[in-house]
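A short write-up of the structure that comes next.
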Amino acid sequence: MRFLPKSAFGQTVLLIGILLFINQVVSLVSVTFYFVSPNVQQINNLLATQIKLAFVEDIDSHTPQLDTHFYQAAGMQVYNYSDAVKNGLEQATPYQSWSRQMSDSLGGEAKVRITHGEPYLYWINPPQNPDIWITIPMVGLGQGDGSPHLVYLLMIGILSVGGSLIFVRRLNRPLKALQDAALLVGRGQVPKPLKEEGSSELIAVTHAFNQMSKGIKQLEDDRALLTAGISHDLRTPLTRIRLASEMLPESQDWVKEGIVHDIEDMNEIIDQFIDYVRQDQQECMEESNLNDLIRDAAQVRNIEENHKIKLDLAPLPKTLIRRVALKRVLDNLIENAFRYGSDNIEITSRHSKKDKQLCFSIRDFGPGIPDEQIQNLFEPFTQGDKARGSLGSGLGLAIIKRIVEMHSGKVTLQNHAQGGLIATVTIGYQVMG
């Protein structure tokens, strides 16, 4: 059911509310059955007894003075119908249940009406004389500042909801911390150890998460150390090979050029390995405008005569970003667009105030990529553009994905309907004061 709350807080409050409603209904029914009904019956019997005693004296509406002391002691008044109307009979509220009970007690059809006030005034039309109305005051019946039962139920409701608020917030605090930490792990970052608090089950889960995070951190450190060591060890023989190639005679320049080209490719691949492991997490966030990075990247590329970049940039707010990391994203995507797409590309930018997102797109006008290959392009060592004759480690887009995810964003590739490929990067932003 779509109307049911999804959060633990909402579900807990709803459950407590339902239980309180059921409790109040049961309490009201119980009080009515065990307290109100017997009291009503007792009052009715008391009134019926007084009326029976009055008729022992053979009263009627014309001779109320038969026993003045009796009427004064009981507080009773006897009226004929016209006098009863003058004294407020029409303003009294009829009660069918009281009338039935009074009829049973007096042995005939009786009518009961009640005037609410201080005191409550009961109007009774007895079967012994249907031409008269007898009034009997009930002093103290309506006194009090309110219904103790309703106050009790209200206090129980407030305390229950308040207790559920405290309980659910105490429960949600470590869960929210776990959620935030898990998101950081998903973006390739290692959070600080979480405080182990809450119920025993939550403490166990938090402890297991801390152990997992510690293990991931150790694996990342070992991988970075291993990659750095391999890269360092590879560069030494590559340097020697390049020096040796410089000593080749001029007649073997074609061999020399091939060796130098292969060494440059290998160095580039090694750099990509290092960039992938490093993840650019050491760079500090700084306030900047994404359009400035785009213009700088485009200006560098526009120096090349055979490459043209068209800019269509919407005004963007400043936000906290890793400038060097996002510059690497731009350079990589622009390089791919020129190398595998076309000599003319288009870069656009925009932002959404509602979703608090910044976005830029780079479109080329080349052959694009088969749709079935796009899904796996961002996986490490995947080269989805082999159809366009690419070579390399297959880490470029994986590095881009990691950098964008560190900015709480995402990167997508999509073939344009009119040809070419569009790379779209979306990141979250914070409004700067």
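The values are calculated or read from the model by the stated rules, or taken from the named source; none is laboratory data. None of these values were measured; they are calculated from a predicted model. Heads up, the Cβs are rebuilt from the backbone with ideal geometry, glycines too, and the neighbour counts pull from every protein chain shown. Heavy atoms of the whole protein, side chains included, go into the accessibility calculation; ligands, DNA and RNA do not. Shrake-Rupley method; radii C 1.70, N 1.55, O 1.52, S 1.80 Å.
Just subtract the alpha-carbon distance of Met285 and Asp180 from 0.36 nm times their residue separation and send over the number in nm, one decimal.
35.9 nm
Which length gain, in nm to one decimal place, applies between Leu226 and Gln373 when the Cα-Cα distance is subtracted from 0.36 nm times their residue separation?
Values: separation 147, 0.36 × 147 = 52.92 nm, distance 3.06 nm.
Taking 0.36 nm per residue and subtracting the Cα distance, the gain is 49.9 nm.
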_Nearest-10 value in Å² for the accessible area of His416, using the 1.4 Å probe_ = 60 Å²
_Cross-link candidates for Lys52: which lysines have Cα within less than 28 Å, leaving aside residues fewer than 8 places away along the same chain?_
Lys86, Lys111
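In nm², what is the average projected area of the convex hull enclosing the Cα atoms of the range 174-247?
On the way: hull surface 23.2 nm².
Average projection, Cα convex hull of the range 174-247: 5.8 nm².
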*Given a 1.4 Å probe, how much area per residue of the range 150-260 is accessible, in Å²?*
71 Å²
*Sort Glu372, Glu304 from largest to smallest accessible area, using a 1.4 Å probe on the heavy atoms of the protein chains.*
Glu372, Glu304
*Output ³J(HN,Hα) for the range 116-127: one whole-Hz value per residue in order, computed from phi by the Karplus curve 6.51 cos²θ - 1.76 cosθ + 1.60 with θ = phi - 60°, and x for Gly and Pro.*
7, x, 10, x, 5, 10, 9, 9, 10, 9, x, x
*Can you list the lysines whose alpha carbon is less than 27 Å from that of Lys353, not counting same-chain residues fewer than 8 positions off?*
Lys6, Lys176, Lys310, Lys318, Lys327, Lys401, Lys410
*Leaving ligands, DNA and RNA out of it, work out the accessible area of Lys401 with a 1.4 Å probe and give it in Å² to the nearest 10.*
70 Å²
*Sticking with the crude label model, points 7 Å out along Cα→Cβ, report the distance from Ser200 to Asp253 in nm, one decimal please.*
8.2 nm
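Between Phe33 and Ile166, what is the FRET efficiency for a Förster distance of 35 Å, r being their Cβ-Cβ separation, to the nearest 0.05?
Values: r = 35 Å, r/R0 = 1.00.
The pair Phe33/Ile166 has a calculated efficiency of 0.50.
If the chain between Val300 and Leu20 were fully stretched, how many nm would it gain, using 0.36 nm times the residue separation less the Cα-Cα distance?
On the way: separation 280, 0.36 × 280 = 100.80 nm, distance 6.92 nm.
Result for the pair: 93.9 nm of gain on full extension.
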*Using every pair of alpha-carbon atoms in the range 296-353, split the distances into 10 Å bins beginning at 0 and state the percent of pairs per bin, rounded to integers.*
19, 52, 25, 4
